[in-house]
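To keep things clear, I will list the structure first and then write my remarks on it.
The values are calculated or read from the model by the stated rules, or taken from the named source; none is laboratory data. Remember, predicted model here, so these are calculated numbers, not experimental data. Please note: Cβ atoms are built from the backbone with ideal geometry, for glycine as well, and neighbour counts cover all protein chains shown. SASA here: full protein model, heavy atoms, side chains in, ligands and nucleic acids out. Shrake-Rupley method; radii C 1.70, N 1.55, O 1.52, S 1.80 Å.
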Amino acid sequence: MPDDSLALIGPRLKSWREKRSMTLAELSETTGISSSTLSRLESGKRAPNLELVVPIARALRLELDDIVPRAAPDPRVKRTSKSIGGTQYETLSPESSPVQTYKVTFPAQPPGVVAVPEPKVHDGQEWLYVLSGRLRLVIGEQDVTLGPGEAAEFDTRIPHWLAATGAGPAEVLSIFSKEGKRIHLRTGR
């Protein structure tokens, strides 16, 4: 534990004691630790140790995790990239997240070629936000084109298909459930 984390234990104990509307004298009586020692601990003039912190935690009805500051995990997402059938998937959420977020780049279609939809069906829900380019979304009987700033949300149990349309690729922010991740990143579209 970094030294600066130890310095936070005393003020945290004081905060918990005050939340419990307990005086130093009352805490001293309950723990058998002198009021002056408790005061020095809360003000940071006394280093915390288990012999002091454990009885205080019991008296305040706390777990040690409530007192000892936890290091914040690194919030950055390990980004990976995968290409399936020319469509590029870049991870934007941790693997452990209940929903998966990706930046998806659908490749441009060759000039004069109109892609033929091959709809897929799978469990899950999908949300899309077009960052750039134009995205063709076929869902059920609907065939729509989405431009930058447009969004769509649909049940993936309805036959669906996506591809870039227009002169260039389409970049999309895509959020889907674990079931959707399994389908999209294993078999492609």
message: Test of understanding: given the chain, find the longest segment containing no GluC sites (Glu not before Pro) that are in a DSSP loop and have at most 12 other Cβ atoms within 10 Å.
response: 1-62
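Could you tell me what percent of the accessible area of the chain is made up of carbon and sulfur, with a 1.4 Å probe and every protein chain present? Before the final figure, lay out each step's value.
Details: 5920 of 11120 Å².
With neighbouring chains kept in place, the figure for the chain is 53 percent.
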task: Enumerate the aspartates and glutamates that K78 could reach by cross-link, defined here as Cα to Cα under 17 Å, with residues fewer than 8 away along the same chain left out.
output: E90, E95
- prompt: For the chain, what is the calculated [θ] at 222 nm in deg cm²/dmol (nearest 500), taking -39500 (n - 2.57) for each run of four or more DSSP H residues and dividing by its residue count?
  reply: -8000 deg cm²/dmol
- line: The answer for the chain, accessible area per residue at 1.4 Å probe in Å², is 59
query: Can you list the aspartates and glutamates whose alpha carbon is less than 19 Å from that of K120, not counting same-chain residues fewer than 8 positions off?
result: E141, D143, E153, D155, E179
statement: Taking Cα atoms only, Rg over Rh for the chain with Rh from the Kirkwood formula is 1.34
query: How big is the Rg/Rh ratio for region 54-99, C-alpha atoms only, Rh by Kirkwood, two decimals?
result: 1.38
statement: Sorted list, accessible surface of protein heavy atoms, 1.4 Å probe, largest first, for D66, D74 is D74, D66
- prompt: Using the Cα gyration tensor of region 113-182, with a ≥ b ≥ c the square roots of its eigenvalues, what is the shape: rounded (a/c below 1.5), prolate (a/b larger than b/c) or oblate (neither)?
  reply: oblate
